[in-house]
Structures are given as C-alpha cells and as structure tokens.
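Nothing in this text is a laboratory measurement; each read-out follows from the coordinates by a stated rule. Values in this document were obtained by computation on a predicted structure and should not be read as measured data. Positions of Cβ are backbone-derived with ideal geometry, glycine not excepted, and every protein chain shown enters the neighbour counts.
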C-alpha cells in the first residue's frame, strides 16, 4: 500500500499539524520543517509504502536495525 501525498504540503498545513499536536512552533521552525520534509519527501514516501504488518507492535531497536539492513524483510 502506497500512501503518497498528492500535493506539496504548505506552511499552513504544517502549522495546523503542529497545533493539532499541541505544539507552539514559530514560523521559522515551521518553515525549516517544511524544507526538510521537501528534501526527504521521496524517502518518506518510500518508508510509508513498506508493509509493517508482519512486525510486532513494539519492535526493539536492534530488531528494527536488522529489518532496515535486510531491505524491509524479517531475517
């Protein structure tokens, strides 16, 4: 399942997300987050497309690292 955003996020969208989570971020931090999101959007979309259902709900960090190193497959 691929969940890719159809539009580029806006500053207003990031402000709404921050407010929804109770975060008080100034415009400069919001714009920095937006810039970072744009820079890594392809990688984010790739991560979002990986099926995580075979993984236990509380994965241990060392298991997660092995999973990542193994191309998203359980060893």
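Can you check how the C-alpha radius of gyration of the range 11-69 compares to 2.2 N^0.38 Å, as a plain ratio?
Numbers: Rg = 15.3 Å, N = 59, 2.2 N^0.38 = 10.4 Å.
That works out to 1.47 for the range 11-69.
Using the basic label-point model (7 angstrom from Cα toward the beta carbon), what is the residue 15 to residue 53 distance in nanometres?
Output for this residue pair reads 3.9 nm.
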